[in-house]
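Trainee: I have a structure here, written as C-alpha cells, and I will follow up with some questions on it.
The values are calculated or read from the model by the stated rules, or taken from the named source; none is laboratory data. Predicted model only: the values in this text are computed from it and were never measured. Reconstructed Cβ throughout: ideal geometry from the backbone, glycine too, with neighbour counts over all protein chains shown. Quick note on the areas: whole protein, heavy atoms, side chains included, nothing else; ligands and nucleic acids left out. Shrake-Rupley method; radii C 1.70, N 1.55, O 1.52, S 1.80 Å.
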Amino acid sequence: LDFMQAHQTAWVLNSWQADIMRDPVFGEKIRISTWPYEFHGFLGHRNFKIEDEAGSAIVLASSVWVFMDMQKNRPVRIPPEIAVAYQLQPRLEMEYMDRKIKDVQAACMQKRETSRIPRYFIDTNQHVNNAKYILLAEELLPSEFHPVRIRAEYKKPAVYGDMIYPFVCQQPHCQTVKLNGADEKTYAIIEFYTNTTV
C-alpha cells in the first residue's frame, strides 16, 4: 500500500463472481485463501476460496481488477515491477462468466426507494466500499431469496452524500439490481442467481 500511494496507483475492483456451495454455520472453522492467476494489459485476475475443516469448498470466487493511475484517473498497463511482486497460481476449476453483466431491459426494471450514501460506506479511496453495494442490493431482495451465485460489475464509484436510485428486475432464476446515480448512470449492477444451470 505504501508503494502504491507513493506512485499514485491502485488496484480497482471491476467485477467479481462468487459461487456458493453452502452457507457456513455459526462457530464453524473455515479457511479463506486468495491468489492472482493472470495479468493481462491493465487487468489482474484473482481467485478466492472458502473451505471447511475437511477441505471441502464452501465458496469459489473470481475477480477482475483494473490497475489505475490515480493521478490521471485512468487504467494503465501493469508495470513489470508490480507484476513480479505477485506469485501467480493456477486458476480455480469453476465456471467463469463474462466480467461484463448484460444490461436488462428497462421494461423489466422496478424502481425502489431512493437513499443517500452514509459516511460509514466510504473506504480509504474516498469511494463507496465494494461490499456496501452488495448490502444495498440484498436489502431489495425477498427475505426467502437464497442465491447460489452472485455477480457484480462496478461501473463508476459513488461517494459520500450521493443519492442511490435502485432498480430491480425479477426473473425466474435471477434477480438483477441496478444502483444508479442522479444522472441515471449506473454505479453497480449485481445479479443474484438461484440456479447456475440456466
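Trainee: List, in order, the whole-Hz ³J(HN,Hα) value for each residue of segment 108-123 obtained from phi through the Karplus relation with A = 6.51, B = -1.76, C = 1.60 and θ = phi - 60°; use x for Gly and Pro.
Mentor: Values per residue, Gly and Pro as x: 7, 7, 10, 6, 10, 5, 6, 9, 10, 5, x, 4, 6, 8, 8, 9 Hz.
Trainee: Counting only protein heavy atoms, what percent of the accessible surface of the chain is carbon or sulfur at a 1.4 Å probe?
Mentor: After summing per-atom areas, the C and S share lands at 52 percent.
Trainee: If r is the Cβ-Cβ distance from residue 107 to residue 146 and R0 is 30 Å, what FRET efficiency results, to the nearest 0.05?
Mentor: 0.65
Trainee: Over the chain, average the accessible area per residue using a 1.4 Å probe and give it in Å², no decimals.
Mentor: 61 Å²
Trainee: Please give the per residue volume of the convex hull enclosing the alpha carbon atoms of segment 146-198, rounded to a whole number of Å³.
Mentor: Cα-based convex hull of segment 146-198, divided per residue, equals 84 Å³.
Trainee: Show me 7-13, 164-170 ranked by packing, highest mean number of other Cβ atoms within 10 Å first. Can you show the working numbers first?
Mentor: Values: 7-13: 15.1, 164-170: 18.4.
Answer by packing, highest mean first, reads 164-170, 7-13.
Trainee: Additional query: Would you mind checking segment 26-49 for residues with the amide N under 20 Å from a putative spin-label position 7 Å along Cα→C-beta of residue 12?
Mentor: Counting only backbone N, you get 39-46.
Trainee: Also, I was wondering about something else. GluC sites (Glu not before Pro), restricted to segment 133-173: which are DSSP loop and have at most 12 other Cβ atoms within 10 Å?
Mentor: Passing sites in segment 133-173 are 139, 144.
Trainee: Per DSSP H run of at least 4 residues, take -39500 (n - 2.57); add these up for the chain, divide by its residues and hand me the 222 nm value, nearest 500 deg cm²/dmol.
Mentor: Roughly -2000 deg cm²/dmol at 222 nm, from the helical runs in the chain.
Trainee: Which of the peptides 96-103, 57-64, 70-77 is most tightly packed, and how do the rest follow, going by the mean number of other Cβ atoms within 10 Å of each residue?
Mentor: Packing order, densest peptide first, comes out as 57-64, 96-103, 70-77.
Trainee: Looking at the chain, what % of the alpha carbon pairs are farther apart than 29 Å?
Mentor: Here the long-distance tail beyond 29 Å is 29 percent of all Cα pairs in the chain.
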